[in-house]
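K.L.:
I'd like to ask you about the structure that follows.
The values are calculated or read from the model by the stated rules, or taken from the named source; none is laboratory data. For clarity, every value in this text was computed on a predicted model and none was experimentally measured. Cβ placement follows ideal geometry from the backbone for every residue including glycine, while neighbour counts extend to all protein chains displayed.
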Amino acid sequence: MNQAGVNDKYKVSPFYVFFLVHSMQTGIGVLSFQRVLAKSAGTDGWISIILAGLIVHIMIWIIYKIFSIVPGDIISANTQALGKWLGNFFNLLFIIYFLILGMTVIISYINVVHVWMFEEVPSWAFALVFLILIYYINSGGFRTVTGVTFLSVLLTYWLLFDLIYAMKYAEFTNLLPIFDHSILDILKGVKDNSLTMIGFELILMFYPFIKDAKTSQKYAHGGALTTTLLTVFIYLVSLVFYSQKQLVLTIWPTLTMTSVVELPFIQRFEYIEISWWALVIIPNMTISLWAASRGFKRLFNVQQKYPLWGMSIIILLINIFVFDMDSLYILNKIINPYGLYFICLYLPLLLLIIYTKKLRKRL
Amino acid sequence: MLFNRRNSQKNLNRKDDFNKVSDIRSLFNSLSSSNDFINHQGNLKGIGYWVSFYRSLIDGQELHESVLSVIPTLETISLEQIKENIPIENTLITSTRKVIEERIMRGEIAIRLDTNLDECLLINIASKQGRQIGKPELEFGIISPQEAFVEDIDINLNLVRKRLPIPELQVNELTVGSLSKTKVAVIYIEGIVEQENVDTVIQRINEIEFDEILDGSNLAQMLYDESNTLFPLFLHTERPDRIASALSEGKVAMVIDRSSSALIAPTILLEYFITMEDYNMPWVPASAFRLLRIFAVIFSIFATPLYVAVLTFHYELIPKDLLETIVASRNLIPFPPLIEALFLEISIELLREAAARLPTKVGQTLGIVGGIVIGQAAVVAGLTSNILLIIVALSALASFVTPIYKMGNAIRLLRFPFLLGAQIWGLLGIALASVFLMTHLIKLTSMGHPYLEPIYPFRIKDWKDSFVRLPFNFFKSRPVNLRTENVTRQPQKQKTSKKRKNDFNE
């Protein structure tokens, strides 16, 4: 149980960690983070993003440090550090966290589709198709999950072109004033920005699936760095495109920005962007649900498909009975302060416990 | 006690002998019940002899020239004597029933003497009926060799061996099919191929328990890793040069008797968009045409679904000038875009299927009648719009550019799920269908090797010959994917004499 033994055949090369981390971080958050950030940090929002990026790097360092002492995944690390009962309690928390993360992504995306494209289609219909797709991907094992993630990152980067197109209407004085906000505001911005930053913690689950996992640390940092730079870029473009007051009122600034694109044969680019965004979102959902079901499998020794079915049914039921805006409100609350604090406080603590245990053993 | 046992053993032996005797006679008796089995009786110097064969399997002229006319010239008659004097190799004197039966069924004749009817001399004069080597029909190439495989395994092996005259080229012959007894030759170059691949192929062929294997594609389906897929996992080809090039890359080839298509395994998706012509052209046009082919395939899958998606859900996507044209061409059509598209797609599929089943001349006429008359009439009658007609015709055309016919078939069918997705959720439906397709391709393996390589797993070294075909000095190593034993294709030496200096000719 301690060693999360994975056959070499099912492992992936270390450099895919770049794509796994980057893709997991860049999800639904990128479409809408600007509004909240602009509210709290305004023109200094980019400082918050960079600070948040720094925190992510520290957390990734902590994760790799943990695994350099106790190789395996978070499930075995928890039980090794905290004993069977307490360890398994935290394992359960992690599983729930991953499930909620996946659920949030699915429901947020369905919400976007509802608002922008198909208002009459019921949520559960979308959820059903997504869940079948997720099951199909997951049934190919982690290798397939990685493949879909990798291709989705490669296939979506061209969307950046419509940000560059939007720069045609840039008003660069909007960037000023710099250092206008108090440190408290900027720190609040760090917190508000979290939805575009979380996702790196999935390393906790897929670490045993990486060949020469220790060498993958630079790729993890690279992925996080790319996300930070991308987010800063998007934020700066939004700042110069919108005025401050407008930005605070726009729910999905990235999407609204793309609707100005007009080519001779095509216009209203946001339809394409939203549809294409499915490619970005699906790996997000898949990895989270994969992690949750894998954790469940490790904890209770069942076949992975059963927890996956169970979780799919839970998500489907929520989509049938709860209106997406309502559930999203609750889920975002859970993820944003609580999930975030949980990850950011628990992981250093875990490292501390493991480290002292190791020292004591040596003494 | 001891004596007794020996005695009983002798008895047993005698019994065996007796059985064998009756075995061979009964074999000939049962063979004779078929009307095309001939028992020719001759007499030479008082000793009668029998020549037995299937009339339909042997070459009559050869029989007269090399066998029947030789026998009367002999001084004494015995099977050994005949064997010595007949100018045909690989003859055999035996009295084993199984061997005799097998060989007679492959077109050999059996000669027996009246003195011992249980011993046969088997001589191979099988008739080699079949086509002459012709031009490739399915994979025609303008600037490549004009030879194609025929239905005879020996001629096909000859075509391959002539291109790779090295002793390392190994042929491993197997027989499959309980009724058809099809000969399958597994070919590979020892020292290059990964032995595990060969073993897997041979093992899978041996595991087949089916009564008839009549063609290469028939066999291939039984060897696939995954049978629930549209995509061909083994490459069928009728070009010997393609087989030779695959073998030298480190793949395994299979040549099947009575089938003009040989198989290559393992393969990757992009290989199906490669023609042998790509290697006979400078790398820039070769790469350009390859990219064109890949673009054509993508176009042929997505064009009609995009039309349906945009016109059903997303009118806003089209700028107003273009929209006017489209609306003008559609304003008399009473159907939703999906029905319109399905109507045209299915009629094109009908045309294609009908043209494939008809003789060439009729097929041409049908193409004109179907393509021009029906298409034009459908537009005039207000059943479809002009624009869709153009899109559907173009995408049908585009699906023909794949050099491998089977891949074309897969692409032909792939567009229908996408059409369905487009009808249900527009662009989102197409996106979701694409993710399904992507996942399917990632999951597929050919002989255990990932199908989507070098895209995923990402291997930059193999990109030299995938979407583009880089110059040959990039072809230093064999594909990583195949894990070949010998990796280098050309020695890593510095070119000395031919290297030009960039000095503006001084």
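K.L.:
For the stretch B:104-118, which residues satisfy the criterion of being out of contact with any helix residue (DSSP H, G or I) (no Cβ under 6 Å at 6 or more places or on another chain), charged (D, E, K, R) and farther than 9 Å from B:Tyr49 by Cα?
P.N.:
Scanning the stretch B:104-118 gives B:Arg106, B:Glu108.
Conditions tested, residue by residue: (1) within 14 Å of chain A (Cβ to nearest Cβ); (2) at pLDDT below 90; (3) over 24 Å from the mean Cα position of the chain (by Cα); (4) under 30 Å from B:Ile213 (Cβ atoms).
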residue: B:Ala244; (1), (2), (3), (4): no, no, no, yes
residue: B:Glu249; (1), (2), (3), (4): no, no, no, yes
residue: B:Ile256; (1), (2), (3), (4): no, no, no, yes
residue: B:Thr267; (1), (2), (3), (4): no, no, no, yes
residue: B:Leu291; (1), (2), (3), (4): no, no, yes, no
residue: B:Glu316; (1), (2), (3), (4): yes, yes, yes, no
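K.L.:
If you take the residues in the stretch A:214-242 that are among the aliphatic types (A, V, I, L, M) and surrounded by 22 or more Cβ atoms within 10 Å (Cβ to Cβ), which one is farthest from the chain's Cα centre (by Cα)? Reasoning before the result, please.
P.N.:
In the first step, residues of the stretch A:214-242 are kept if they are among the aliphatic types (A, V, I, L, M); the result is A:220, A:224-225, A:229-230, A:232, A:234, A:236-237, A:239-240.
Next, only the ones that are surrounded by 22 or more Cβ atoms within 10 Å (Cβ to Cβ) stay: A:220, A:224, A:234, A:239.
On the way: A:Ala220: 13, A:Ala224: 11, A:Ile234: 17, A:Leu239: 23 Å.
It comes out as A:Leu239.
K.L.:
Moving on. Just the residues that are of a type in the set (A, V, I, L, M) and within 14 Å of another protein chain (Cβ to nearest Cβ), please, taken from the stretch A:152-171.
P.N.:
First, pick out the residues of the stretch A:152-171 that are of a type in the set (A, V, I, L, M): A:153-155, A:159-160, A:163-164, A:166-167, A:170.
Correct list: A:Val153, A:Leu154, A:Leu155, A:Leu159.
K.L.:
Turning to a different aspect of this structure: With respect to A:Leu279, determine if the residue is farther than 30 Å from B:Tyr307 by Cβ and among the hydrophobic types (A, V, I, L, M, F, W, C). Even if it seems obvious, please write down each step before you answer.
P.N.:
Numbers: farther than 30 Å from B:Tyr307 by Cβ: no; among the hydrophobic types (A, V, I, L, M, F, W, C): yes.
Taking the combined requirement at face value, the residue does not satisfy it.
K.L.:
Of the conditions (1) within 14 Å of another protein chain (Cβ to nearest Cβ); (2) under 23 Å from the mean Cα position of the chain (by Cα); (3) surrounded by fewer than 21 Cβ atoms within 10 Å (Cβ to Cβ), A:Thr250 fails just one. Which one is it?
P.N.:
Answer for A:Thr250: the failing condition is (1).
K.L.:
Residues being among the small types (Gly, Ala, Ser), touching a helix residue (DSSP H, G or I) at 6+ places or on another chain (Cβ under 8 Å) and within 14 Å of chain B (Cβ to nearest Cβ): count how many of those fall in the stretch A:12-50. Let's see the steps before the verdict.
P.N.:
Here is the first cut: in the stretch A:12-50, the ones among the small types (Gly, Ala, Ser) are A:13, A:23, A:27, A:29, A:32, A:38, A:40-42, A:45, A:48.
After this cut, where a residue has to be touching a helix residue (DSSP H, G or I) at 6+ places or on another chain (Cβ under 8 Å) as well, the list is A:23, A:27, A:29, A:32, A:38, A:40-42, A:45, A:48.
Still in the list and also within 14 Å of chain B (Cβ to nearest Cβ): A:23.
Counting residues in the stretch A:12-50 that are among the small types (Gly, Ala, Ser), touching a helix residue (DSSP H, G or I) at 6+ places or on another chain (Cβ under 8 Å) and within 14 Å of chain B (Cβ to nearest Cβ) gives 1.
K.L.:
Quick one: A:Thr149 ticks every box in (1) more than 14 Å from chain B (Cβ to nearest Cβ); (2) of a type outside the set (Asp, Glu); (3) closer than 25 Å to A:Met285 by Cα except a single one, so which number is it?
P.N.:
Tallying (1) more than 14 Å from chain B (Cβ to nearest Cβ); (2) of a type outside the set (Asp, Glu); (3) closer than 25 Å to A:Met285 by Cα, A:Thr149 fails exactly one: (1).
K.L.:
Of everything in the stretch A:141-192 that's more than 18 Å from the chain's Cα centre (by Cα) and among the small types (Gly, Ala, Ser), which residue is modelled with the highest pLDDT?
P.N.:
By that ranking, first place goes to A:Gly141.
K.L.:
Pairs needed: first member in the stretch A:167-184, in a loop (DSSP other than H, G, I, E, B); second member anywhere, of a type in the set (Asp, Glu); C-beta distance under 8 Å; at least 6 residues apart or different chains.
P.N.:
A:Ile178/A:Asp44; A:Phe179/A:Asp44; A:Asp180/A:Asp44; A:His181/A:Asp44
K.L.:
I'd like the full set of residues that are without any contact (Cβ under 8 Å) to a residue 60 or more places away in the chain and either more than 17 Å from B:Phe273 (Cβ to Cβ) or of a type in the set (Ser, Thr, Tyr) (or both), limited to the stretch B:408-417.
P.N.:
Across the stretch B:408-417, the qualifying residue is only B:Pro417.
K.L.:
Kindly provide the set of residues from the stretch B:212-257 that are of a type in the set (Ser, Thr, Tyr) and surrounded by fewer than 21 Cβ atoms within 10 Å (Cβ to Cβ), ordered by number. Full working, then the answer.
P.N.:
Restricting attention to the stretch B:212-257, the residues satisfying the condition of being of a type in the set (Ser, Thr, Tyr) are B:217, B:224, B:227, B:229, B:237, B:245, B:248.
Result: B:Ser217, B:Tyr224, B:Ser227, B:Thr229, B:Ser245, B:Ser248.
K.L.:
Mind counting the residues in the stretch A:255-292 that are more than 10 Å from chain B (Cβ to nearest Cβ) and in a loop (DSSP other than H, G, I, E, B)?
P.N.:
Number satisfying all stated conditions: 2.
K.L.:
Output the number of residues of the stretch B:443-469 satisfying the condition of being assigned to a helix (DSSP H, G or I) and more than 24 Å from the chain's Cα centre (by Cα).
P.N.:
Just the residues of the stretch B:443-469 that are assigned to a helix (DSSP H, G or I), to begin with: B:443, B:460-464.
From what's left, more than 24 Å from the chain's Cα centre (by Cα): B:460-464.
Residues that pass the stated criteria total 5.
K.L.:
Identify the single condition in (1) surrounded by 16 or more Cβ atoms within 10 Å (Cβ to Cβ); (2) within 21 Å of B:Val401 (Cα to Cα); (3) among the aromatic types (Phe, Trp, Tyr) that B:Tyr307 does not satisfy, given that it satisfies every other one.
P.N.:
B:Tyr307 satisfies every listed condition except (2).
K.L.:
Can I ask one more? Given (1) part of a loop (DSSP other than H, G, I, E, B); (2) under 24 Å from B:Pro403 (Cα atoms); (3) without any contact (Cβ under 8 Å) to a residue 12 or more places away in the chain, where does B:Pro167 come up short, assuming only one miss?
P.N.:
(2)
K.L.:
I'm checking my understanding of the structure. Among residues of the stretch A:66-84 that are touching a Lys or Arg at 6+ places or on another chain (Cβ under 9 Å) and of a type in the set (Val, Ile, Thr), which one is surrounded by the fewest Cβ atoms within 10 Å (Cβ to Cβ)?
P.N.:
The selected residue is A:Ile69.
K.L.:
Name every residue in the stretch B:192-202 that is over 15 Å from B:Ser446 (Cα atoms) and of a type in the set (S, T, N, Q), in order of residue number.
P.N.:
To start, the set of residues in the stretch B:192-202 that are over 15 Å from B:Ser446 (Cα atoms) comprises B:192-193, B:195.
Result: B:Gln195, single match.
K.L.:
Which is in contact with an Asp or Glu (Cβ under 9 Å, 6 or more places away or on another chain), at pLDDT 90 or above and not charged (D, E, K, R), of A:Leu225, A:Leu204? Write out each step before concluding.
P.N.:
Working: A:Leu225 fails: in contact with an Asp or Glu (Cβ under 9 Å, 6 or more places away or on another chain).
When all the criteria are applied, what remains is A:Leu204.
K.L.:
I'd like the full set of residues that are more than 22 Å from the chain's Cα centre (by Cα) and hydroxyl-bearing (Ser, Thr, Tyr), limited to the stretch A:304-363.
P.N.:
The answer is A:Tyr306, A:Tyr355, A:Thr356.
K.L.:
Considering only the stretch B:271-281, I want to know if a residue exists there that is of a type in the set (Val, Ile, Thr), surrounded by fewer than 23 Cβ atoms within 10 Å (Cβ to Cβ) and in contact with a Pro (Cβ under 6 Å, 6 or more places away or on another chain). Outline the logic, then answer.
P.N.:
Pass one, the stretch B:271-281, residues of a type in the set (Val, Ile, Thr): B:274-275.
Of the ones still in play, those that are also surrounded by fewer than 23 Cβ atoms within 10 Å (Cβ to Cβ) are B:274.
Now restrict to residues that are in contact with a Pro (Cβ under 6 Å, 6 or more places away or on another chain): none.
No, there is no match, as no residue in the stretch B:271-281 is of a type in the set (Val, Ile, Thr), surrounded by fewer than 23 Cβ atoms within 10 Å (Cβ to Cβ) and in contact with a Pro (Cβ under 6 Å, 6 or more places away or on another chain).
K.L.:
Moving to a separate point now. If A:Lys357 satisfies every condition in (1) part of a helix (DSSP H, G or I); (2) in contact with a helix residue (DSSP H, G or I) (Cβ under 7 Å, 6 or more places away or on another chain); (3) closer than 19 Å to A:Gly27 by Cβ; (4) at pLDDT below 90 but one, which is the exception?
P.N.:
It is condition (3) that A:Lys357 fails.
K.L.:
Among the residues in the stretch A:102-117, are any over 25 Å from A:Ile334 (Cα atoms), surrounded by 14 or more Cβ atoms within 10 Å (Cβ to Cβ) and at pLDDT below 95? It would help to see each step written out before you state the result.
P.N.:
Step one: list which residues in the stretch A:102-117 are over 25 Å from A:Ile334 (Cα atoms), which gives A:116-117.
Now drop any that are not surrounded by 14 or more Cβ atoms within 10 Å (Cβ to Cβ), which leaves A:116-117.
The next check asks that each one be at pLDDT below 95; those that pass are A:116-117.
Checking the stretch A:102-117: at least one residue is over 25 Å from A:Ile334 (Cα atoms), surrounded by 14 or more Cβ atoms within 10 Å (Cβ to Cβ) and at pLDDT below 95.
K.L.:
Could you identify the single residue in B:Leu420, B:Leu444, B:Leu414, B:Leu437 that is more than 9 Å from every other protein chain (Cβ to nearest Cβ), among the hydrophobic types (A, V, I, L, M, F, W, C) and closer than 19 Å to B:Val310 by Cβ? Outline the logic, then answer.
P.N.:
Working: B:Leu444 fails: closer than 19 Å to B:Val310 by Cβ; B:Leu414 fails: closer than 19 Å to B:Val310 by Cβ; B:Leu437 fails: closer than 19 Å to B:Val310 by Cβ.
Going through B:Leu420, B:Leu444, B:Leu414, B:Leu437 in turn, the sole match is B:Leu420.
K.L.:
Name every residue in the stretch B:47-87 that is assigned to a helix (DSSP H, G or I), crowded, with 18+ Cβ neighbours inside 10 Å and either aromatic (Phe, Trp, Tyr) or more than 41 Å from the chain's Cα centre (by Cα) (or both), in order of residue number.
P.N.:
Those that are assigned to a helix (DSSP H, G or I), crowded, with 18+ Cβ neighbours inside 10 Å and either aromatic (Phe, Trp, Tyr) or more than 41 Å from the chain's Cα centre (by Cα) (or both): B:Leu79, B:Ile82.
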